Amino acid sequence: MPDAPSPVFCRLVPALAGEMARIEAESNSPPWSEDLFKAEFSHVHARVMGARLEGKLVGFLICHVVQDEGHIVNFGVAVAYRGRKIGRALIEEVLLDLFREGVRWMTLEVRRSNQVARNLYESLGFMEVGTREHYYTDDGEDAVVLKLNLSQFASQRT
């Protein structure tokens, strides 16, 4: 049996905002609109990265980088491609690239109830550093703030 194809990780372009919004609609609540995705491409601090498999966009990660700190603002993987470690590989690729560029810290917020995502982030070395009460506008759920030391992360992967 041949090996499954590996995803290709790359910077994304504004023309993919519609595909990103479709993945978002099945990944996050409340979902970003296509216009919000388009706006990220003109944001001076944004990095918009994706995972493509057999020519199709299957995941994305958007982060903002200011000096030596980054913040993941959105991340999603198409439902049909979950469970294949594509999301994990995309995050790892982005984190290592940012570390090579001089970024030393990465933060993010995640729903307190999203144990699958929290398990993924914690397995990568993210640590809980705080809470944002009533962070999510759709239901008022709290967000857990996680932080990662990219020097430690990178040293475990080289």
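Keeping all protein chains in place, calculate the accessible area per residue for the chain (probe 1.4 angstrom), answer in Å². Spell out each step's value before the answer.
Working: 8690 Å² over 158 residues.
Normalised by residue count, the accessible surface of the chain is 55 Å².
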_Spread of Cα-to-Cα distances over 5 Å intervals beginning at zero, given as percent, for the chain_ = 2, 9, 18, 21, 22, 17, 8, 2, 1, 0
*Most fluctuating residue given options Gly87, Gly140, Gly125, as computed from a GNM of the chain linking Cα atoms under 10 Å*: Gly140
_Using a Gaussian network model on the chain with a 10 Å cutoff between Cα atoms, which of Leu57, Leu36, Leu90 fluctuates the most?_
Leu36
*Report, to the nearest whole %, how much of the accessible area of the chain belongs to carbon and sulfur atoms, 1.4 Å probe, protein only.*
50
*Report the calculated FRET efficiency for His64 and Ser6 (r = Cβ-Cβ distance, R0 = 35 Å), to the nearest 0.05.*
0.80
*Given H placed on each backbone N at 1.01 Å, which residues far from Leu12 in sequence or on other chains put an amide H within less than 5 Å of it?*
Val48, Met49, Gly50
*Hey, how many Å between the Cα centroid of the stretch 75-89 and the Cα centroid of the stretch 115-140?*
18
*What number comes out for the charge environment of Ala46, summing +1 per Lys or Arg and -1 per Asp or Glu over other residues with Cβ under 12 Å away?*
+2
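Net charge around Phe153, counting only other residues with Cβ within less than 15 Å of its Cβ (Lys, Arg = +1; Asp, Glu = -1)? Walk me through the numbers before you get to the answer.
Working: positive: Arg88, Arg100, Arg104, Lys147, Arg157; negative: Asp68, Glu69, Glu92, Glu93, Asp97, Glu101, Glu122.
Net charge in that neighbourhood comes out at -2.
Below 8 Å, C-alpha to C-alpha, sequence gap of six or more: please give me the relative contact order for the chain in percent.
On the way: 262 pairs, mean separation 28.3, N = 158.
18 percent.
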*asked:* For Cα pairs less than 8 Å apart in space and 6+ apart in sequence, what is the mean separation divided by the residue count of the stretch 8-97, i.e. the relative contact order in percent?
replied: 27
*DSSP bridge pairs, the chain: antiparallel proportion in percent, nearest 5*: 90
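The values are calculated or read from the model by the stated rules, or taken from the named source; none is laboratory data. Please read all numbers here as calculations on a predicted model, not as lab measurements. Cβ: placed from backbone, ideal geometry, glycine included. Neighbour counts: every protein chain shown. Heavy atoms of the whole protein, side chains included, go into the accessibility calculation; ligands, DNA and RNA do not. Shrake-Rupley method; radii C 1.70, N 1.55, O 1.52, S 1.80 Å.
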